Structures are given as structure tokens and as C-alpha cells.
Amino acid sequence: MNRILVWDIPTRIFHWTLALSFSVAFLTAESERWRDIHVYGGYLALGMIGFRLLWGVIGSHHARFANFVRGPAAVIRYLRSLISDQPEHHVGHNPAGALAIVALLVLGLGTGISGWMILNEIGGDVFEELHEGLANTMLAVVIIHILGVIVSSRLHRENLVGAMITGYKNGHDDV
Ligand code: HEM
């Protein structure tokens, strides 16, 4: 067993800043009083996602999209393996986790851009509906994401949350 640096510092900062900014923006969404905080939270999330899209191309091995985004067949194979005696293990993101990550990035982008349009009075009421719908869908995916992290941590007996804090996992850097 080796101690492997899986998540570089930019990926970890991105993750926890996105989690915090999304939570702040979501919790302040309904209040006029917290409108500025809501908008700053949204801008921060949008900025972080912009950075992650770039880091997904130029970042370190496990941060690059090419090294973890997989097609539907790989996602189905991974999910099937979870109910077998030999669940597939990935040092970086597993294919199902990667799908949730891509969904979060796309939804976050759509939520941020539609919020910016509302703020600048571009488009009409339809963008308010869209903004709220995308944010609620994002919350649903966040819940699935957190459940996925819990299930995967238990199945593989590894501390995934700890790895997203320290950057390190124990194992063989085989995938
Ligand atoms: C308490 C809440 C959360 C926990 C414990 C958590 C935990 C984690 C963990 C352990 C990973 C790595 C998964 C793996 O090993 O493959 C991860 C990745 C990720 N999470 Fe979370 N997460 C949380 C909240 C959120 C929220 C609120 C968002 C989005 C709004 C989010 C978005 C992401 C993204 C985009 C990644 C991929 C990181 C990257 O490669 O850049 N997470 N999360």
C-alpha cells in the first residue's frame, strides 16, 4: 500500500469553496435582506466552476476530465459491480461519481448564468423559473453525490471525505 496524492490543492480548494458557496447561495435565495450575499455566493460558485473547467484540462492526473469522465457503459458496469462481491475500485473518481460531478458543473454553470441574467434584467420571467429549477435540481444531485460518497466509502473501506481534505488515499495508483 502506498500513500498517494490523489487530489491536488486547487481541486480541494475548488471543492470546499464550491460546496460552501452553493450552500450560502441556496440558503439565502428566498430573502431580500440577504440578496447581496446570495449574489456573491453565486458569483463565487460560478468563478470556481470556470476555474475547474480549465483545471480539468491542465490540472494534475486525477483532476483531468480525460482521466475520470466515462461513458454510460462504464457507469452501468460500475453500478452493477457494487452489488457483486467484487465492487470496482478507482483511485480517482469512479464513473458514477464522475457523472454526478459533470452534472453539478453543468447545473452550477446554468444556475449561475441564469442568475446573472436575472440580475441584469436580460430575458424575462422564464429565467427566474429556470434559475430556481436548476438550483433545486442541483440540490437533488448534491444529495445523491453525498449519498454516493457515503456508500462508496463504506464499500471500499476508505475515507473519501478525509481524502478530499488531505488530498491523500492509501492504495495502489493503478487507475
Ligand atoms: C458535506 C458535503 C460534501 C461532502 C462530504 C463531499 C464530499 C466529496 C468527496 C469525498 C469527493 C471526492 C469523491 C471521490 O472520491 O471520487 C467530492 C467530489 C466533488 N464534490 Fe463534493 N462533497 C460535499 C458537498 C458538495 C457540494 C455541495 C458540491 C456542489 C455544489 C460538491 C461538488 C463536488 C464536485 C464538483 C466534486 C469533484 C471534485 C473535483 O474533481 O474537482 N460537493 N465531494
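A short reminder: the numbers here are calculations on the coordinates, not readings from a lab. Computed from a prediction, not measured in an experiment: that's the story for all the values here. Every residue, glycine among them, receives a Cβ derived from its backbone with ideal geometry; neighbour counts consider all protein chains shown.
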task = Per DSSP H run of at least 4 residues, take -39500 (n - 2.57); add these up for the chain, divide by its residues and hand me the 222 nm value, nearest 500 deg cm²/dmol.
result = -23000 deg cm²/dmol
query = What list do you get for R77, R154, R12 if you sort them by fewest beta carbons within 10 Å?
reply = R154, R77, R12
inquiry  = Can I get the semi-axes of region 115-163's equivalent ellipsoid? Compute them from the C-alpha gyration tensor as square roots of 5 times the eigenvalues, in angstrom, largest first.
reply    = 37, 10, 4
ask   = Once label points are set 7 Å from the Cα along Cα→Cβ at both H172 and I83, what is their separation, rounded to one decimal in nm?
value = 2.9
ask   = How far is it, in nm, from the label point at L53 to the one at M1 when both lie 7 Å from their Cα along the line to the Cβ?
value = 4.0
query = Which translational diffusion coefficient, to the nearest whole µm²/s, is obtained for region 80-134 from the Stokes-Einstein equation, given a Kirkwood hydrodynamic radius over C-alpha pairs, 10 °C and 1.306 mPa s?
reply = 117
inquiry  = Compute the helix-to-body angle for 72-82: its Cα long axis versus the longest principal axis of the chain, expressed 0 to 90° and rounded to tens.
reply    = 60
message = Between 0 and 90 degrees, rounded to the nearest ten: what's the tilt of helix 95-119 against the longest Cα principal axis of the chain?
response = 10
query = Along the charge dipole of region 43-175, Cβ charges K/R +1 and D/E -1, which of H93, V126, L105 sits furthest on the positive end?
reply = H93
ask   = What is the distance, in nm, between label points placed 7 Å from the Cα along the Cα-to-Cβ direction at I9 and at R64?
value = 2.2
message = Quick check: residue separation of I37 and H156 times 0.36 nm, minus the Cα distance between them. What number comes out in nm?
response = 39.0 nm
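Starting with the highest mean, order 69-76, 39-46 by the number of other Cβ atoms within 10 Å, averaged over the residues of each peptide.
Numbers: 69-76: 12.9, 39-46: 20.0.
So the order, starting with the most tightly packed, is 39-46, 69-76.
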Separation of alpha-carbon centers, region 129-174 and region 1-44, rounded to whole Å = 14
note = Expressed as a whole-number percentage, the relative contact order of the chain with C-alpha contacts under 8 angstrom and at least six residues apart is 31
Along principal axes, Cα extents of the chain, largest first, whole Å = 54, 30, 26
